[in-house]
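Okay, so here's the structure we're looking at.
The values are calculated or read from the model by the stated rules, or taken from the named source; none is laboratory data. The model shown is predicted, which means the values in this text are computed figures rather than measured ones. Cβ placement follows ideal geometry from the backbone for every residue including glycine, while neighbour counts extend to all protein chains displayed. Ligands, DNA and RNA are excluded from the accessible area calculation, which covers all protein heavy atoms including side chains. Shrake-Rupley method; radii C 1.70, N 1.55, O 1.52, S 1.80 Å.
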Amino acid sequence: MIKVTNLRKQFNDLVVLDGIDIEVAQGEVVAIIGPSGSGKSTLLRCLNLLESPDAGRIEIGQATLDAPKYSRKQAHHLRQQTAMVFQNYNLFKNRTALQNVTESLIITKKMKQSEADKIGRALLEQVGLAHKADSYPITLSGGQQQRVAIARALAVDPHAILLDEPTSALDPELVAEVLQVIKAIAEKRTTMLIVTHEMAFARQVADRIIFMADGKIVEQGTPDELFDRPQNPRTQRFLQQISAPASFIS
Amino acid sequence: MNFDGKYMLEVFPTLLKYLPLTLVMAVVAMIFAIAIGLLLALVTKNRVPVLYQLANVYISFFRATPTLVQLFLIYYGLPQLFPSFSAMNALTAAIIGLSIKNSAYLAEIFRAALDSVDNGQLEACLAVGMTKAQAYRRIILPQAARNAIPASGNTFIGLVKETSLAFTLGVAELFAQGKMMASASLKFFEIYLAVAIVYWALTIVYSLLQEWLEKRLSKPYKN
């Protein structure tokens, strides 16, 4: 379970998160959409403290933390509740695909190499990359790298996976393979928070859609509610804009 | 032309007896320089308060002053301030001096190498629950090491040659021995050419080692 209360973050004079409240139930898949600069990525990065929030409370799994004052130990404990999938994959460049998945098991969970390898291979199998176990990231395509990154996130068996625009850096033809893997994980009721621009995908995979703008949650609801019957004018405008290019061509 | 090739060949065995001392000075000084340099780089990279300013003064001073002046400061100067330093022998002073000077150069190389590792690597480590120390040890430093090796190799080659400065403190090393033999035989060109060739050969051997190491470390980054 994730519970965020009154989360605030400011970069100099720019308010990026203006009092965010979110609750995500165990097994729920939530997609966060919104224009760029709305604070959705910052929100995700505050949840694992890659950005340090200025105020607010974050509760994930067994960890609770009150910003801005927290100890290094608290931060570490909170981070261990989640795993993140990055836009740019960020695979460990000096590790093979398998080692990318097993690294955290061996280093943070003190697992034996053989045991970690078994889990690692099973996860690579799950993302369809068992045959690439010994390949280094540089030899993999973007889609393959992102699938390894997803396996790496699953390896730590987190309370929730945070996905920060997981397909934005991919070539169009590679997007589908990554979305497919995420969808399969979603179907296993893994708690996920996904920041995405893929509206069709969000609609398909998410239980709930959150629309953010200017550091605030403007509107949220089921995919049908939010996409088909948006209540807030700001949401309506955004959805119109993103569907505009298609109508512009015809 | 007055050149005694046979004599030159004959002096090699005597000169080579001093090679181990040169190597010991260079390798020990390099080990200390790497340790201090890495510490300085981590301090400057993470802008640790107070230590950061001190590190910058240290780096600035030891990069900007001649090695010979530093060696004299340590060997002849320090005992004047702290009498206990007079117990320090010339070899120790040379190693200390060369360690300090080269640590300042390596600090800059290491800082640049650390900067060259994308910050996403650290974020990925933290995101899977590793501590910053674990991230550095397992992921960041190995990647930075690969970037640091070519420039650090240059520093090491420079260091090997700088060991000849130890002769000014009275260390009987390779160059000092050459100088003594030259004054005795008056065959300056033969002796100094032989000395030069020993340094040259040493550098060639080292370069081969470095090439092998670079190849090994860049394996993960080759398509």
For A:Val175, net neighbour charge (Lys/Arg +1, Asp/Glu -1) across residues whose Cβ lies under 14 Å away
-3
For A:Lys216, give me every one of the lysines with a C-alpha distance below 17 angstrom, ignoring sequence neighbours fewer than eight places off in its own chain.
A:Lys3, A:Lys9, A:Lys40
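Which sequence of A:Lys73, A:Lys216, A:Lys188 reflects their accessible areas, 1.4 Å probe, from the largest down? Display every interim value, and only then the final one.
Values: A:Lys73 170, A:Lys216 100, A:Lys188 130 Å².
My answer, sorted largest first, is A:Lys73, A:Lys188, A:Lys216.
Could you pull out every whole DSSP H run in chain B that spans at least 30 Å of Cα extent along its own axis and averages 0.5 or higher on the Kyte-Doolittle scale? List each step's numbers first, then the result.
Details: long enough: B:19-45 (37 Å, 2.41); B:90-116 (39 Å, 0.92); B:188-217 (43 Å, 1.01).
Span-like helices, by this rule, are B:19-45, B:90-116, B:188-217.
Please find the FRET efficiency linking A:Asn6 to A:Gln113, where r is the Cβ-Cβ separation and R0 is fixed at 51 Å, and quote it to the nearest 0.05.
Taking R0 as 51 Å, the efficiency between A:Asn6 and A:Gln113 is 0.70.
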Other chains' Cβ within 10 Å of A:94-102 residues: what's the mean?
3
Using a 1.4 Å probe over the heavy atoms of the protein chains, calculate the carbon and sulfur portion of the accessible area of chain B as a whole percent.
69 percent
Taking amide H positions as placed 1.01 Å from N in the peptide plane, with prolines and chain starts having none, which residues 5 or more places from A:Ala213, or on another chain, fall under 5 Å of its amide H?
A:Val218
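List nothing, just return the count: lysine pairs in chain B, 8 or more apart or interchain, with Cα separation under 14 Å.
Working: B:Lys6/B:Lys187; B:Lys45/B:Lys132; B:Lys101/B:Lys161; B:Lys179/B:Lys187.
Number of lysine pairs found: 4.
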Please compute the modelled spin-label separation between B:Ala64 and B:Glu214, points set 7 Å along Cα→Cβ, answer in nm with one decimal.
3.2 nm
Antiparallel bridge percentage (DSSP; both residues within chain A; nearest 5):
60 percent
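Tell me what chain A gives for mean residue ellipticity at 222 nm when only DSSP H runs of n ≥ 4 count, each as -39,500 (n - 2.57), the sum divided by the residue total, rounded to 500 deg cm²/dmol. Let's see the in-between values first.
On the way: 9 runs with 101 residues, N = 250.
About -12500 deg cm²/dmol.
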How large is the dipole of chain B about the Cα centre if only Lys and Arg carry +1 and Asp and Glu carry -1, each at its Cβ, rounded to the nearest 20 debye?
500 debye
In the full protein assembly as shown, how much of A:Arg237 is accessible to a 1.4 Å probe, in Å² to the nearest 10?
120 Å²
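From the protein chains alone at 1.4 Å, what is the descending order of accessible area for A:His159, A:His197, largest first? It would help to have the intermediate numbers written out before the result.
Working: A:His159 60, A:His197 90 Å².
The ranking, largest first, comes out as A:His197, A:His159.
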Report the label-to-label distance for A:Thr139 and B:Lys161 in nanometres (one decimal), using points 7 Å from each Cα along the Cα→Cβ vector.
4.0 nm
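Which whole-number percentage describes the relative contact order of chain A, with Cα contacts under 8 Å and a sequence gap of 6 or more? Show your work: numbers first, answer last.
Working: 467 pairs, mean separation 64.5, N = 250.
Relative contact order for chain A comes out at 26 percent.
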Dipole moment magnitude, nearest 20 debye, chain A about Cα centre, only Lys, Arg, Asp, Glu C-beta charged
760 debye
Nearest 20 debye, what's the magnitude of the dipole of the protein assembly as shown about its Cα centre given +1 on Lys and Arg Cβ and -1 on Asp and Glu Cβ?
1040 debye
In nanometres, what is the gap between the two model label sites at B:Ser185 and B:Gln53, each 7 Å from Cα along Cα-to-Cβ?
5.8 nm
Residue-by-residue Karplus 3J(HN,Hα) for region A:212-227, coefficients 6.51, -1.76, 1.60, Hz, glycine and proline x
10, 8, 6, x, 10, 7, 8, 7, 8, x, 5, x, 4, 4, 6, 7
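Given a cut-off of under 8 Å on Cα pairs at least six residues apart, what relative contact order in percent is computed for region A:1-110? Provide the component values of the computation, followed by the final result.
Details: 137 pairs, mean separation 24.4, N = 110.
Value for region A:1-110: 22 percent.
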Whose amide H sits under 5 Å from the amide H of A:Ile32, counting only residues 5 or more places off or on another chain, with H placed in the peptide plane?
A:Ile194, A:Val195, A:Thr196, A:Ile210
In the protein assembly as shown the DSSP beta bridges are antiparallel at a rate, in percent to nearest 5, of 60 percent
